[in-house]
Amino acid sequence: MQTKIRPITPESLAEAKNLIFNGGVVAIPTETVYGLGGNAFDDHAVKRIFEVKGRPNDNPLIAHIHTDYDLSKIVDYDPPCAKQLREAFLPGPLTLVYPSTNKVSPFVSCGLNTLAVRVPSHEGAQAFLREVDIPIVAPSANISKHVSPTSAKHVYDDFQGKIPLILDGGECVGGIESTVCDVTGDVPVILRPGLITKEMIAEVVGACEEYTPDFSSGEKVKSPGVLYKHYSPRCQTRLYSSESVEFAISAYLREREKGEKVAVLCEEKRMPDFEKLGARCLNLGKTEEEMATRLYALLREAETCCNVLIAVEPTAKGGVMTGVLNRLRKACASVDIPHKKV
Ligand code: TXA
Ligand code: MG
């Protein structure tokens with residue numbers, strides 16, 4: 001199969017619509033990362049998404065809708081706090097998990113009685129969602145566990161020959177995936193941190209919690225996708241905390257001594273420590289937004305320029321950095337975290 005990359009025009013949108021209504025998958029831009037989209041009502045299309053990504057079949061998908069789509073077509077109940085959050089943050093990088101059963105293909109939520117819904121703010125994503133006028137399920141458009149894609153080229157690198165069309169909407173400005181927030185209970189619970197932070201949500205609805213899975217209790221995990229080693233570049237990775245830069249420097253020198261091709265991923269202010277050793281540095285930047293925007297492109301660049309990546313966590317914590325650190329730690333995790341009690 002030939003994989004076309006096309007700018008978003010009336011013609012490419014019509015082509016995308018045709019593919020979607022014939023059960024196909026199409027890669028689409030959003031403001032966070034690119035998604036691999038399919039018709040949420042079509043079992044075959046949803047299964048195809050899991051298959052083409054190599055995604056574990058216990059990891060549910062997010063349904064994407066345009067700003068005027070009637071939410072009641074796909075959710076059972078719209079909690080009051082969800083309305084407040086939509087008014088404050090949507091369209092934008094916030095996914096809300098609603099009570100919902102039997103409204104879309106049963107393969108979307110993998111047996112959970114909830115549905116994650118997102119209204120992306122990216123103009124190209126909105127144009128596409130309006131064109132099809134149905135909910136589109138779209139996981140990040142990367143091979144499962146690989147680094148999420150923030151450009152059409154990244155999608156092409158993972159799915160060349162496997163999908164027919166990539167709609168090119170430029171580079172994603174957000175850079176990390178949407179915040180996933182469960183609104184089925186009394187207090188919203190963040191299942192995956194992102195650009196809409198816990199503090200921002202709490203300010204609108206009064207309170208917000210963060211979900212941390214308890215592996216020891218055998219409890220059914222709320223958002224299986226948060227558990228895997230994930231977002232990982234295809235090179236060895238070693239992660240150091242911002243307080244232990246001297247260990248990162250020793251590791252860098254040791255790896256170089258062994259003859260490895262080494263690169264360093266760190267925030268801009270850390271770079272002189274490594275550059276004076278002649279290290280190749282991948283610059284995360286200065287601000288938290290910059291770090292979110294650049295992270296995935298740099299992890300993909302690491303694959304092409306080194307076989308060992310020494311990563312140093314940025315100094316800032318909290319806010320958007322919670323999401324950035326979450327992705328960086330998962331990218332550098334050495335093993336899958338078991339998601340069932342054994
Ligand atoms: O920014 C984004 O959210 C991107 C773009 C393409 O929109 N999409 C994305 O999808 O990151 P994906 O499939 O890579 O991640 C979806 C996350 C996973 O952690 C999954 O477990 C969680 O959302 N999720 C989906 N449906 C859920 C549900 N019903 N309950 C709890 N978690 C859910
Ligand atoms: Mg993903």
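The values are calculated or read from the model by the stated rules, or taken from the named source; none is laboratory data. What you see is a predicted model, and the numbers here were worked out from it, not measured in a lab. Because the Cβ atoms are built from the backbone with ideal geometry, glycine has one as well, and the counts that use them run over all protein chains shown. When the accessible area is computed, the model is the full protein with side chains, heavy atoms only, and any ligands, DNA or RNA have been set aside. Shrake-Rupley method; radii C 1.70, N 1.55, O 1.52, S 1.80 Å.
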key: Ranked packing of 4-10, 118-124, 54-60, most packed first, by mean Cβ within 10 Å   = 118-124, 54-60, 4-10
remark   = Restricting to lysines and to Cα separations under 18 Å from Lys229, and discarding same-chain partners fewer than 8 apart, the set is Lys53, Lys145, Lys330, Lys340, Lys341
note = With T = 37 °C, eta = 0.692 mPa s and Kirkwood Rh from C-alpha pairs, the Stokes-Einstein D of region 71-122 in µm²/s is about 286
request  = In a Gaussian network model over the chain where Cα atoms closer than 10 Å are linked, find which of Pro314, Pro213, Pro80 has the largest mean-square fluctuation.
outcome  = Pro80
ask   = In Å, what Rg and Dmax follow from the Cα atoms of region 236-331?
value = 12.3, 39
remark   = Regression test value, accessible area per residue of region 4-217, probe 1.4 Å, units Å², expected 39
remark   = Note on the chain: contact order normalised by length, alpha-carbon pairs under 8 Å, 6 or more apart, percent, works out to 20
note = Taking N as the number of residues in region 2-71, the ratio of its alpha carbon radius of gyration to 2.2 N^0.38 Å works out to 1.14
query = Among the lysines, which fall within straight-line cross-link reach of Lys47, defined as a Cα-Cα distance under 16 Å, with same-chain neighbours fewer than 8 residues apart omitted?
reply = Lys162
query = Can you give the net charge of the other residues whose Cβ lies under 13 Å from the Cβ of Cys281, counting K and R as +1 and D and E as -1?
reply = 0
task = Count charges around Ala263 for me, please; just the other residues with Cβ under 9 Å from its Cβ, Lys/Arg as +1, Asp/Glu as -1.
result = +1
remark   = Other residues with Cβ under 11 Å from the Cβ of Ser109 give, with Lys and Arg +1 and Asp and Glu -1, a net charge of 0
query = What's the percent breakdown of Cα-Cα distances in the chain across 20 Å bins, shortest bin first?
reply = 31, 57, 12, 0
inquiry  = Suppose only helical runs count, i.e. DSSP H with n ≥ 4. What mean residue ellipticity at 222 nm does that imply for the chain under -39500 (n - 2.57) per run, divided by all residues and rounded to the nearest 500 deg cm²/dmol?
reply    = -9500 deg cm²/dmol
note = Two pseudo-spin positions, 7 Å from Cα along C-beta at Lys317 and at Asn22, lie apart in nanometres by 5.3
query = What lysines could a cross-link reach from Lys258, if we take a straight Cα to Cα line under 24 Å and drop same-chain neighbours fewer than 8 places away?
reply = Lys276
ask   = What's the carbon and sulfur percent of region 236-331's accessible surface, probe 1.4 angstrom, rounded to a whole number?
value = 50
